[in-house]
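Below is one structure, written out as structure tokens, with a few remarks after it.
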Amino acid sequence: MIKTEILKKTFVVIAAYYEEKTIAQVLAGLHKEGYKNTIVVDDGSTDTTSLIARKHGAIVLKHIINRGQGAALQTGISYALNHGATMIITFDADGQHQASDLPNVLQPIIDGNADVCLGSRFRNGQSNVPLFRKLLLKLGVLLMRVMYGIRLTDSHNGLRAFSRNAAAQLHITADRMEHASEILEQIMRHKLRYLEIPVTIKYTPYSLHHGQSSWNAVNIAFQMLKNKLLR
Amino acid sequence: MVQIIQFVGVAFGIFALLHVYLSYRKSVIRTYGFLFWALIWLSTIVVSLHPDVLQLIANAFEIQRSIDALIYLSIVVLFYLIFKLYLRFDDLERESTKIVRMIALAEAEKETKGKGKGHA
């Protein structure tokens, strides 16, 4: 689908915190679709996440202590930029994202029509989103629109693609979960051209249990408010 | 007539002032910090000896009771200190991440050099 020469300079950054159960499948899925430059940033896990990732052909960066997903992604992005990446993708480690969605996410950037492509689970009418989470996500969308003026249908989706230029302008300083909003704020601030692309989020009992609790949304909102007021 | 609270105020003020001074001498705190806290404790001693000073301040702000003025002022100062602490804490977190990131990237470079491979 996407030319090999382009894939050679496309990097997939995966932040992982205790993902030994799913990281192998995630990497296998990506490699099968031709994404060989996979960077797993192990954010201070003490299980076999790093070992398995390395065994499955990923470049592993290790945070010696846990700093948060935002910090882990920035580390991976910095590495990718230092190694000549022309496109950088952020991808979840828990198996919720599909490698098959990547060509659609990358094409607008390849064509030069966008600097950033953001995955949205709501654009393709995906219907199995848990109700409470759906409500929170929709609230999140509204909040992003009000605070940053960004128009999205899914403001908290970890599947993103950046052109090199866009990635170079990113400076994720919010270490923890509020990094998602920080990325959106920076997209608007740097006037990057963004597009939303329909993607599928696979909900499994494991990923729902392992991932963020919906209640964490309160914490994220609080962090956002704090950052807006104090910085 | 000297009240007990006045006595306690002066005694504690002297003790705290000594502690601050010793900390400064041992280079635990720097000049700015020393001056700030020395001022606080000196004020505590002065106010304990002459509580009417407080009343002067209270009148200036048109507050009835001097102790109320003291409490309002203390609360404002506390909020400010907490705010500053919070900012410093935030900065510390960012600095820590910078260090952890540097280590992660340096280790990765060491590995690739060791393997003799390059990454496109």
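Which of the GluC sites (Glu not before Pro) found in the stretch B:52-119 are in a DSSP loop and have at most 14 neighbouring Cβ atoms, other than their own, within 10 Å?
Numbers: sites: B:62, B:93, B:95, B:107, B:109, B:111; in loops: B:62.
Those satisfying the criteria are B:62.
So for the pair residue B:21, residue B:80, with labels modelled 7 Å out along Cα→Cβ, what separation do we get in nm?
2.6
Accessible area per residue of the stretch A:155-231 at 1.4 Å probe, in Å²?
Value for the stretch A:155-231: 50 Å² per residue.
Loop only per DSSP, at most 16 neighbouring Cβ atoms within 10 Å: give me the trypsin sites (Lys or Arg not before Pro) in the stretch B:1-82, ordered by residue number. The partial results should precede the final answer.
Working: sites: B:25, B:26, B:30, B:65; in loops: B:26, B:30, B:65.
Filter output for the stretch B:1-82: B:26, B:30, B:65.
Considering only protein heavy atoms and a 1.4 Å probe, what is the carbon-and-sulfur percentage of the accessible area of the stretch A:11-72? Please report the intermediate quantities before stating the final value.
Numbers: 1360 of 2390 Å².
Heavy-atom surface of the stretch A:11-72 belonging to carbon and sulfur, 1.4 Å probe: 57 percent.
Rounded to the nearest 5, what % of the DSSP beta bridges within the protein assembly as shown are antiparallel ones?
Working: 7 of 29 bridges.
Percentage antiparallel, nearest 5: 25.
Which of the DSSP-defined H helices in chain B satisfy a minimum axial length of 20 Å, computed from C-alpha atoms, and a minimum mean Kyte-Doolittle hydropathy of -0.5?
B:4-25, B:31-49, B:66-115
What percent do you get for the relative contact order of the stretch A:98-185 when only Cα pairs under 8 Å and 6+ apart count? Kindly include the intermediate steps, with their values, before the conclusion.
Details: 78 pairs, mean separation 28.0, N = 88.
Relative contact order here is 32 percent.
Under a point-charge model restricted to the Cβ atoms of Lys and Arg (+1) and Asp and Glu (-1), what is the dipole moment magnitude of the protein assembly as shown relative to its Cα centre, in debye to the nearest 20?
Computed about the Cα centre, the dipole is about 760 debye.
For the stretch B:59-120, give the percent of accessible area contributed by carbon and sulfur heavy atoms, probe 1.4 Å, rounded to a whole number.
The value for the stretch B:59-120 is 66 percent carbon and sulfur by accessible area.
List the lysines whose Cα sits under 21 Å from the Cα of residue A:202, skipping any in the same chain fewer than 8 residues away.
The reachable lysines, counting only those whose Cα sits under 21 Å from residue A:202, are A:21, A:32, A:134, A:138.
Hey, can you list the residues from the stretch A:81-105 whose accessible area shrinks by 40 Å² or more with all protein chains present, relative to the chain by itself (probe 1.4 Å, no ligands or nucleic acids)?
Buried by the other chains: A:83.
To the nearest 100 Å², how much accessible surface do chains B and A hide from each other in total, with a 1.4 Å probe?
That pair hides around 2000 Å² of surface in total.
Just to confirm my numbers, what's the Cα centroid distance between the stretch A:113-129 and the stretch B:22-65 in Å?
The stretch A:113-129 and the stretch B:22-65 have Cα centres separated by 59 Å.
Rounded to the nearest Å, what's the spacing between the alpha carbon centres of the stretch A:151-194 and the stretch B:83-105? Just the number, please.
So the two Cα centres are separated by 21 Å.
So which helices of chain A fit the span-like rule, where a helix is a whole DSSP H run, its Cα atoms reach 24 Å or more along the axis, and its mean Kyte-Doolittle is at least -0.5?
The answer, listed by residue number, is A:131-148.
If you count, for each residue, the other Cβ atoms within 10 Å and average over each peptide, how do A:112-121, A:162-171, A:38-47 line up from highest to lowest?
Descending mean neighbour count gives A:38-47, A:112-121, A:162-171.
Solvent-accessible area per residue for the stretch B:1-119 at a 1.4 Å probe radius, Å²?
Ligands and nucleic acids excluded, the figure is 80 Å² per residue.
The values are calculated or read from the model by the stated rules, or taken from the named source; none is laboratory data. As the structure is a computational prediction, the values presented were derived from the model and not from experiment. Reconstructed Cβ throughout: ideal geometry from the backbone, glycine too, with neighbour counts over all protein chains shown. Heads up: the accessible areas ignore ligands, DNA and RNA and are worked out on the full protein's heavy atoms, side chains in. Shrake-Rupley method; radii C 1.70, N 1.55, O 1.52, S 1.80 Å.
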